[in-house]
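Each reported figure results from applying straightforward, stated rules to the coordinates on display, with no laboratory input. Please read all numbers here as calculations on a predicted model, not as lab measurements. FYI the Cβ positions are ideal-geometry reconstructions off the backbone, even for glycines, and counts take in every protein chain you see.
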Amino acid sequence: MNGAPDRVQWILNHILSMEPGRDLTAKSVGLRLRRAAHYIDTETRRRLAPLGMELWEVEILAELVRIDGMASMSHLGDLAQLTSGAITNRIAKLEAGGFVERLHDAEDRRHVRVRVTEEGRARLQAVVAANNEAERDIFGTLDSALLKRLSRDLHAFLLATEGPAGI
């Protein structure tokens, strides 16, 4: 770290003034990750707002395109870390926009599959372009070696906390 304090350091200094000697390593990582995620999320949302798109929509449409256009509601709910009711509401919004369609299994109507439409694919391309631009702007001033280290370290963190992807 360089010598300049960030906003988290002010918080940590306050805690240390009340609890001298406390190990704040985990707290500093948690606070910094939350602040960084909030910044990235806010900036990306700002870029997507003119397109009338939310981040969760990008995630769902991108997954549908990635897996060749169709998935179960439960798969999409797991991906987005949502309850069945919440994913149903989100799919309904995408369906109302013409970006996906719900199909009932011919043999068991309780099973619903979601398919991305051509409008959904086109929408995703526009949103991905805006998201890529936001990421370039957010991370463009950072040293490439720092970005690579962050990526490796966050990869290790996610493997340790979430486990490997079931791809």
The stretch 1-74: trypsin sites (Lys or Arg not before Pro) in DSSP coil with no more than 14 other Cβ atoms inside 10 Å = ARG22
Förster radius 25 Å - calculated FRET efficiency between GLU133 and LEU82 (Cβ-Cβ, nearest 0.05) | 0.40
Pick out, from ALA106, LEU33, ALA156, the residue whose Cα sits farthest towards the positive end of the charge dipole of the stretch 7-160, with +1 on the Cβ of Lys and Arg and -1 on the Cβ of Asp and Glu.
-> LEU33
In deg cm²/dmol and to the nearest 500, what is the mean residue ellipticity at 222 nm of the chain if only DSSP H runs of at least 4 residues count, each as -39500 (n - 2.57), divided by the residue total?
-> -22000 deg cm²/dmol
Express the Stokes-Einstein translational diffusion coefficient of the stretch 77-167 in µm² s⁻¹, to the nearest whole number, given a Kirkwood radius over alpha-carbon pairs, 37 °C and a viscosity of 0.692 mPa s.
-> 199 µm²/s
Round to the nearest 10 and give me the degree value, 0 to 90, for the angle of helix 118-139's Cα axis relative to the longest principal axis of the chain.
-> 10 degrees
Alpha-carbon centroids, the stretch 45-85 and the stretch 110-167: separation in whole Å | 12 Å
Hey, if you put +1 on the Cβ of every Lys and Arg and -1 on every Asp and Glu Cβ in the stretch 7-160, which of ALA130, GLY140, LEU79 ends up farthest toward the positive end of that dipole?
-> GLY140
Residue by residue through the stretch 35-45, which ³J(HN,Hα) values in whole Hz follow from phi under the Karplus form 6.51 cos²θ - 1.76 cosθ + 1.60 (θ = phi - 60°), with glycine and proline marked x?
-> 5, 5, 4, 4, 4, 4, 4, 4, 5, 5, 4
Any number yet on Rg/Rh for the chain, C-alpha, Kirkwood?
-> 1.07
Based on a Kirkwood Rh over C-alpha pairs, give the Stokes-Einstein translational diffusion coefficient of the stretch 74-115 at 25 °C and viscosity 0.890 mPa s in µm²/s.
-> 230 µm²/s
Round to the nearest 10 and give me the degree value, 0 to 90, for the angle of helix 144-162's Cα axis relative to the longest principal axis of the chain.
-> 70 degrees
What is the stretch 53-97 by shape, rounded, prolate or oblate, if you read a ≥ b ≥ c off the alpha carbon gyration tensor as root eigenvalues and call it rounded for a/c under 1.5, prolate for a/b larger than b/c, and oblate otherwise?
-> rounded
Take GLU57, GLU133, GLU63 and order them by how many other Cβ atoms sit within 10 Å, fewest up front.
-> GLU133, GLU63, GLU57
Please compute the net charge surrounding HIS111, taking Lys and Arg as +1 and Asp and Glu as -1 over other residues with Cβ under 14 Å from its Cβ.
-> +2
